[in-house]
Amino acid sequence: MTIETDPLMIKIAFALCGLMALYVYLAGVLNLYGSLSAFFMGLLIILFTDVFFFMVLLIFLFLTYLVTVWKYDYKRGRGLGEGLRGERGLKNVLSNGVVATLVAVLYDPLEGLSPGLASFLFIVAVASAAADSFASEIGVLSDKVYLITEPSRRVPPGTDGGISWLGQLSALLGALLVAIPGLLLLSSSTLDIEKHTLPFDNTVIALIPLFAWVNSQIDSVLGATLQRRGILGNNGVNLASISITVLAAALAYTLFMHI
């Protein structure tokens with residue numbers, strides 16, 4: 001694992017992450033502990049990769065905050081709002097961002113397995129978190145919600161494991177809104193940067209949003225089973241589903257990109 005040692009770049013990383021943490025806290029995107037955890041995750045991402053990986057994380061934060069506060073009063077009135085003003089906390093930040101951060105830290109060994117693998121998995125991890133957030137925050141606005149493990153069983157919006165057509169389409173939208181800029185920022189075809197070895201081809205373009213959307217299905221299944229039984233909480237489900245998705249994506253990438 002190679003970490004950035006240039007003093008200037010380290011100072012820039014601290015400054016960028018500090019500004020990001022301060023802004024998301026003051027803007028009500030994250031609470032204090034959530035902002036601090038985002039600071040350290042952002043710092044690790046920049047130091048082990050580069051600032052463009054960090055930009056993908058910023059896109060995720062911006063988009064998920066927008067859907068969180070969209071019709072927030074209505075969602076809060078139904079007991080489905082996040083935090084006091086839509087802000088998210090430490091556990092939520094960790095459950096959604098720790099896998100992407102781990103991928104960044106393991107950049108070198110992952111690249112040793114297959115060129116472009118680290119970038120691919122990083123985008124998949126962040127896009128997966130976005131897909132789940134979009135499905136949850138927009139899907140709860142639907143009145144026609146069904147349990148994923150019992151498609152004929154109608155349940156109240158916000159039920160663990162509940163799905164709707166609105167939520168499914170929203171998950172795909174969230175996946176695409178992170179996957180597209182993520183590919184543009186990290187692929188080898190758009191920016192001539194040493195750490196950007198991800199090919200910009202049809203297989204990669206299709207696989208990233210597909211896996212991110214599948215992640216929301218895995219999340220719903222875990223929610224309908226383990227979460228409803230009290231085995232996992234919501235954050236545990238998020239972490240488990242993203243982990244499973246990234247492992248499956250790693251296998252698919254190594255198989256498809258070597259055919």
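Some observations on this one:
- Some residue of the range 230-244 being modelled with pLDDT under 95, farther than 25 Å from LEU198 by Cβ, in contact with an Asp or Glu (Cβ under 7 Å, 6 or more places away or on another chain) and surrounded by fewer than 19 Cβ atoms within 10 Å (Cβ to Cβ): no
- The listed residues are SER189, SER243, SER216, and the only one of them that is under 30 Å from GLU111 (Cβ atoms), among the hydroxyl-bearing types (Ser, Thr, Tyr), free of Cβ contacts under 8 Å to residues at least 12 places away in the same chain and not in a strand (DSSP E or B) turns out to be SER189.
- Subset of the range 86-112 [outside any helix (DSSP H, G or I) and at pLDDT 95 or above]: LEU106
- Hits in the range 1-26 - residues which are touching a residue at least 24 places away in the same chain (Cβ under 8 Å) and either crowded, with 16+ Cβ neighbours inside 10 Å or part of a loop (DSSP other than H, G, I, E, B) (or both): MET1, THR2, ILE3, GLU4, ALA13, LEU16, CYS17, MET20, VAL24
- Any hit, the range 40-58, residues being within 19 Å of LYS91 (Cβ to Cβ), in contact with a strand residue (DSSP E or B) (Cβ under 8 Å, 6 or more places away or on another chain) and in a helix (DSSP H, G or I): no
- First in the range 40-54 and surrounded by fewer than 24 Cβ atoms within 10 Å (Cβ to Cβ), second anywhere and in a helix (DSSP H, G or I) and acidic (Asp, Glu), Cβ under 9 Å, 6 or more apart: PHE48/ASP108
Per-residue answers, yes or no, for (1) aromatic (Phe, Trp, Tyr); (2) assigned to a helix (DSSP H, G or I); (3) touching a strand residue (DSSP E or B) at 6+ places or on another chain (Cβ under 6 Å):
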position: LEU121; (1), (2), (3): no, yes, no
position: SER142; (1), (2), (3): no, no, no
position: SER152; (1), (2), (3): no, no, no
position: ALA171; (1), (2), (3): no, yes, no
position: PHE200; (1), (2), (3): yes, no, yes
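- Leading residue by the ranking (surrounded by the most Cβ atoms within 10 Å (Cβ to Cβ)) among those in the range 59-85 that are outside any helix (DSSP H, G or I) and at pLDDT 75 or above: LYS71
- Residues being exposed (fewer than 13 other Cβ atoms within 10 Å of the Cβ) and within 24 Å of TYR74 (Cβ to Cβ) - total across the range 145-162: 1
The values are calculated or read from the model by the stated rules, or taken from the named source; none is laboratory data. Since this is a predicted model, take the numbers as computed values, not measurements. Note that each Cβ is placed from the backbone with ideal geometry, even for glycine, and that neighbours are counted across all protein chains shown.
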